[in-house]
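Scroll down for the structure; my scribbles are underneath it.
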Amino acid sequence: MNKISEINKLIDEAEYVLIGAGSGLSTASGIEYFGKRFEDNFADFIKKYNFTDMYTSSFYDFDTEEEKWAYWAKHIYVNDTGMGATELYKKLFDIVKSKNYFVITTNVDDQFYKSGFDKNKIFATQGSYRYIQCSNACHNKLYDAKDLVSKMLQNIHDCKIPSELVPVCPACGETMDVNIRKDAYFVEDEHWYKQDERYGEFLDTTKDKHVVLLELGVGFNTPGIIRIPFEQMIYKNSNWKLVRINKDNSSTFLDINDRSILIEDDIKKVLNEL
């Protein structure tokens with residue numbers, strides 16, 4: 001039996017499926033932060049700031065809020081608010097939609113929400129491009145920035161937006177920031193805590209069940225969120241199986257190979273074969 005057949009059999013027989021998704025899944029779906037996609041959308045910013053890709057440019061320390069939000073409006077639109085569900089995420093939903101599933105992801109592009117997954121079964125630990133927060137985290141409320149981003153995009157000149165479009169916190173008057181985990185001021189709102197609780201409940205409920213952990217595109221940027229915990233779960237639960245699909249580095253830290261299917265290949269290719 002080849003690995004694809006083994007995975008199909010595991011998922012068919014599983015009582016529960018836990019999906020752990022990292023940036024490699026979104027990259028495989030076409031949401032690339034480099035190359036032609038980056039160059040086509042950020043030509044002015046590349047020329048002005050010598051940016052090389054969307055990942056490193058997202059850490060750039062802009063001189064003004066007008067410059068910062070001109071860039072981020074583009075980044076948010078290109079990777080989230082301006083795009084629908086990708087075919088790969090829709091394919092993944094088709095694979096698990098009839099199962100009892102839960103998703104934990106470090107991705108911030110909202111693809112799971114867009115692809116039909118139940119919002120109550122998604123724990124997006126690192127936030128979302130679509131929402132903004134107080135940069136000082138003075139309160140734990142998030143604000144949908146989709147309409148604001150659209151206005152910003154219509155008013156970008158010389159890689160800047162007008163000052164009147166720079167968002168400020170309605171509570172303290174400080175500037176706003178994108179709700180992604182990049183510093184100590186990341187806001188975890190009521191929904192974040194509720195999903196954290198639901199994730200814990202899912203793990204408690206499934207302790208003695210047949211569970212498949214489907215890990216997709218998870219690297220070593222934040223291994224303590226998905227990669228290492230998934231291996232620990234497999235090690236402790238004899239009825240659980242790990243399916244790890246990654247373009248590279250699919251090896252495990254723990255001795256769990258007898259309960260793991262490890263594939264180093266293009267995620268899109270593998271999921272389309274399932």
*Based on DSSP H assignment, which helices of the chain show an axial Cα extent of at least 20 Å together with a mean Kyte-Doolittle hydropathy greater than or equal to 0.5?*
none
_Extension gain from N50 to S150, taking 0.36 nm per residue of separation minus the Cα-Cα distance_ = 33.5 nm
*Could you please report the charge total around E13, scoring K, R as +1 and D, E as -1 over all other residues with beta-carbon less than 15 angstrom from its beta-carbon?*
+2
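Can you give the extra length, in nm with one decimal, that the chain gains between K236 and D196 once fully stretched, where that is 0.36 nm per residue apart less the Cα-Cα distance?
12.3 nm
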*Pairs to check: K141/K269; K99/K247; K36/K99; K47/K121; K121/K241; K114/K141. Give those whose C-alpha atoms are more than 31 Å from each other in this structure.*
K141/K269; K36/K99; K47/K121
*Difference of contour (0.36 nm per residue) and Cα-Cα distance, H210 to I4*: 72.3 nm
*If you add up the charges near D265, with Lys and Arg at +1 and Asp and Glu at -1, over every other residue whose beta carbon is less than 13 angstrom from its beta carbon, what do you get?*
+1
_I'd like the FRET efficiency for S58 and L274, computed as 1/(1 + (r/R0)^6) with the beta carbon distance as r and R0 of 45 Å, rounded to 0.05._
0.90
_Which aspartates and glutamates, if any, have their Cα less than 18 Å from the Cα of K3, not counting same-chain residues under 8 positions apart?_
D12, E13, E215, D248, D258, E264, D265, D266, E273
*Considering only DSSP beta bridges where both residues belong to the chain, give the percentage that are antiparallel (nearest 5).*
25
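FYI, it's all coordinate maths here, none of it is from the lab. Predicted, not measured: the structure shown is a model, and the values here were computed from it. Heads up, the Cβs are rebuilt from the backbone with ideal geometry, glycines too, and the neighbour counts pull from every protein chain shown.
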